[in-house]
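Single-structure report; data block below.
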Amino acid sequence: MLLKAFVDYLRYERAASERTVTEYEADLKAFESFYKGLGDDLSWEIVDADIAREWMVEMMERGLKATSVNRRLSALRSFYRFLYRRGYVDHDPVHLLTAPKAEKRLPAFVREQEMDRLLDGTGMFEDSFAGRRDHLIIAMFYEAGLRVSELVGLDVKDVNLDASTLRVTGKGNKQRIVPFGEELLHLIYIYRDERTAQVADDRQPFFVSEKGERLSTAAVRKMVREKLGLVTSQQRRGPHVLRHTFATSMLNHHADLQSVKELLGHASLSTTEIYTHTTFEELKKVYHEAHPRA
């Protein structure tokens with residue numbers, strides 16, 4: 001039996017995990033059941049690419065995600081590659097099949113009203129050095145669109161209060177200048193005064209702990225998740241969500257895509273374009289909520 005020969009090959013020659021063996025066997029049995037439903041005369045040896053393609057379409061029509069279809073297609077490819085190399089079949093019907101593209105997950109973002117509640121509401125941040133620092137961190141993520149590594153990597157010399165700009169070191173050690181507004185400038189002045197009292201040496205990192213040490217990305221992630229949990233119940237609540245929120249807000253308020261690309265430090269415009277899908281999804285939601293016949 002061809003399927004048993006392949007399972008034995010995976011288990012004993014490839015030393016695949018039992019989970020992999022079980023999943024591959026289940027996927028192949030699902031395909032076997034499918035092609036047998038098309039005709040009693042069909043077998044592994046005479047299945048062609050059209051039948052395999054029909055199986056993919058049938059799975060997609062049943063609502064399976066592209067990732068699930070691709071996993072099953074991968075099992076089928078491995079199986080036929082094995083059969084062809086061992087001489088069990090004289091052709092490989094699936095090696096030229098194109099796998100369906102996996103859907104790109106739209107970036108999560110926080111609504112403007114929720115960000116206003118967090119940044120402007122009372123009792124959201126402690127009345128302490130750490131509280132004012134955390135307030136500034138949330139505001140800087142939202143108003144400057146930084147990555148978490150970029151934020152914790154800031155030094156005092158990178159924050160230009162006279163020009164209201166940040167010198168940010170991004171991926172590949174590339175630097176960019178990011179402007180910021182009056183509200184963020186005000187928060188920076190408040191934090192800077194307390195930081196000076198906390199840490200005397202201006203050569204130190206900009207964002208520091210109470211002991212004067214550079215904040216870790218883990219500490220910042222934990223804080224951001226906790227603070228966003230005060231205003232939203234969505235599962236994704238890390239610093240990158242605030243970066244997404246920055247980009248989405250900019251585009252919603254008519255910033256051009258090229259400018260947002262430069263502010264985010266993206267190497268390619270195609271990376272930035274995903275936010276246009278986000279804003280369109282938001283637009284559709286507003287339409288369906290507002291239009292009487294939607």
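Some observations on this one:
- For the stretch 189-237, a residue qualifies if it is more than 19 Å from Leu166 (Cβ to Cβ), acidic (Asp, Glu) and out of contact with any Phe, Trp or Tyr (no Cβ under 7 Å at 6 or more places or on another chain), and the qualifying residues are Asp201, Glu213, Glu226.
- In the stretch 156-185, the residues that are assigned by TED's automatic domain parsing to the domain that holds His135 and part of a helix (DSSP H, G or I) form Cβ pairs under 7 Å with partners that are loosely packed, with under 13 Cβ neighbours inside 10 Å and of a type in the set (A, V, I, L, M), at six or more places apart or across chains, as follows: Leu185/Leu161.
- Residues in the stretch 15-25 include at least one that is surrounded by 12 or more Cβ atoms within 10 Å (Cβ to Cβ), within 33 Å of the chain's Cα centre (by Cα) and not in a helix (DSSP H, G or I).
- Residue within the stretch 87-104 that is within 28 Å of the chain's Cα centre (by Cα), under 30 Å from Glu143 (Cα atoms) and among the basic types (Lys, Arg) present: yes
- Check on Gln175, in contact with a strand residue (DSSP E or B) (Cβ under 7 Å, 6 or more places away or on another chain) and surrounded by fewer than 15 Cβ atoms within 10 Å (Cβ to Cβ): yes
- Test: residue in the stretch 265-273 that is in the same structural domain as Glu150 (by TED's automatic domain parsing), in contact with a Phe, Trp or Tyr (Cβ under 9 Å, 6 or more places away or on another chain), modelled with pLDDT of 90 or more and not acidic (Asp, Glu): no
- Among residues that are assigned to a helix (DSSP H, G or I) and either closer than 30 Å to Thr271 by Cα or more than 30 Å from the chain's Cα centre (by Cα) (or both), Leu76 is not included.
- Test: Tyr191 is out of contact with any Ser or Thr (no Cβ under 6 Å at 6 or more places or on another chain), of a type in the set (Phe, Trp, Tyr) and over 13 Å from Phe141 (Cα atoms): yes
- Selection of the stretch 186-200 for residues being surrounded by 13 or more Cβ atoms within 10 Å (Cβ to Cβ), free of Cβ contacts under 8 Å to residues at least 40 places away in the same chain and assigned to a helix (DSSP H, G or I) yields only Arg192.
- Criterion (basic (Lys, Arg), touching a residue at least 40 places away in the same chain (Cβ under 8 Å), part of a loop (DSSP other than H, G, I, E, B) and closer than 21 Å to Met115 by Cβ) met by exactly one of Arg203, Arg221, Arg236: Arg236
- Those residues of the stretch 105-147 which are within 24 Å of the chain's Cα centre (by Cα) and part of a loop (DSSP other than H, G, I, E, B), in sequence order: Arg105, Leu106, Pro107, Ala108, Phe109, Val110, Arg111, Gly145, Leu146, Arg147
- Among the conditions (1) of a type in the set (Val, Ile, Thr); (2) more than 14 Å from Leu10 (Cα to Cα); (3) surrounded by 14 or more Cβ atoms within 10 Å (Cβ to Cβ), the only one that Thr67 does not satisfy is (3).
- The listed residues are Ala52, Ala75, Ala66, and the only one of them that is outside the structural domain of Tyr275 (by TED's automatic domain parsing), closer than 25 Å to Glu273 by Cβ and of a type in the set (A, V, I, L, M, F, W, C) turns out to be Ala66.
The values are calculated or read from the model by the stated rules, or taken from the named source; none is laboratory data. Keep in mind it's a predicted model, so treat the numbers as computed, not measured. Every residue, glycine as well, gets a Cβ built from its backbone with ideal geometry; the counts of neighbours run over all protein chains shown.
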